[in-house]
1. If each of V44 and A197 carries a label point 7 Å out from its Cα toward its Cβ, how far apart are those two points in nm?
2. If neighbour count is taken as other Cβ atoms inside 10 Å, put I178, I30 in order from fewest to most.
3. Through the Karplus equation 6.51 cos²θ - 1.76 cosθ + 1.60, θ set to phi - 60°, convert the phi angles of the range 210-226 into ³J(HN,Hα) values in whole Hz; use x for Gly and Pro.
4. With each pseudo-label sitting 7 Å past Cα toward Cβ, what's the R99-W167 distance in nm, one decimal?
5. Taking neighbour Cβ counts within 10 Å as the exposure measure, how do W188, W40 sort from fewest upward?
6. Can you give the convex hull volume of the alpha carbon atoms of the range 60-111 per residue, in Å³?
7. For a quick check: sort S217, S92, S58 by the number of other beta carbons within 10 angstrom, fewest at the front.
8. Calculated FRET efficiency, T55 and R189, Cβ-Cβ r, R0 22 Å, to nearest 0.05?
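What follows is calculated from the coordinates using simple rules that are stated; it is not laboratory data. Since we're looking at a predicted model, the values are computed, not measured. Don't worry about glycine lacking a Cβ; one is built from the backbone with ideal geometry, like all the others, and counts go over all protein chains shown.
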Amino acid sequence: MAIRIVCALAIAAMALAGPLSRQTAGAAEISLATPGSGDWQPLVFRGIATQTRYTLESFEGAEVARAESNCGASGLVLRLDAINIDQTPLLSWRWRVDRGLDLLEEQTKAEDDFAARVYMMFELDKDRASTLKKLRHRLAKLIYGEAIPGSALNFVWTSRLPTGTVWDNPFEPNAKMIALAQGTNTGWRTETVDVAARYRELFDAPIPPLLGLAIMSDSDNSCQRTEARFADFKFLGLPEMDEQDAE
């Protein structure tokens, strides 16, 4: 995207100041509202005039969020700081891309566009953060009134990059990019990711508390058109092993 990720996260912090998703103690599954309904809030970036259009629709018998981007970018964000990641470390959702992007250098600032993104944002780990990063977050809190996320996992639907590719976001190294799917017109895909395990793997650190979940389709750099759909977000507990599996 043609904007520093730190600015985007600061704007996300303001959106995350609203109601939060509650978790029942001991729950093994927490279903979230469809993006665009419930407590999801708009995530609009300064300096980008054209926003992605999000609409709730009935598609193949289910309520889904439809995202249409045409030379623009914006997202939807849901506050999650009441979710206990130890109880429900798995994030599951369905998504599909019916009109994808045609990009050659998706790991660069110039082509940091994706037909579909799912962000997980986390609090700043003050015990591990550098003095400069602590200062940046302190200033952001003074300016925006809320602490901005300290790190993020960004699961993306790419144009060409192979599934499983991992890289640092070109604007912010504390946002890790993870390719889960590629191409277009492949139908629905169901993803289930172990958020806690991926965080520990990519940051080599304990997972901080969750702040929020966001979705986005963006094409402001490439000025192309894209269409994607998102549905059925939920947090899940790890499957229980039976006695035979545990041996």
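1. The two pseudo-label positions are separated by 4.0 nm.
2. On the way: I178 17, I30 20.
Fewest-to-most ranking of I178, I30: I178, I30.
3. Listing the rounded values in order: 6, 10, x, 10, 9, 10, 6, 10, 9, 8, 6, 6, 7, 6, 10, 10, 9 Hz.
4. My value for the distance between the label points is 2.6 nm.
5. Neighbour counts put them in this order, fewest first: W188, W40.
6. Details: hull volume 9.1 nm³, N = 52.
Spread over its residues, the Cα hull of the range 60-111 gives 175 Å³ apiece.
7. Values: S217 30, S92 15, S58 8.
Ranking S217, S92, S58 by Cβ neighbours within 10 Å, fewest first, gives S58, S92, S217.
8. 0.60
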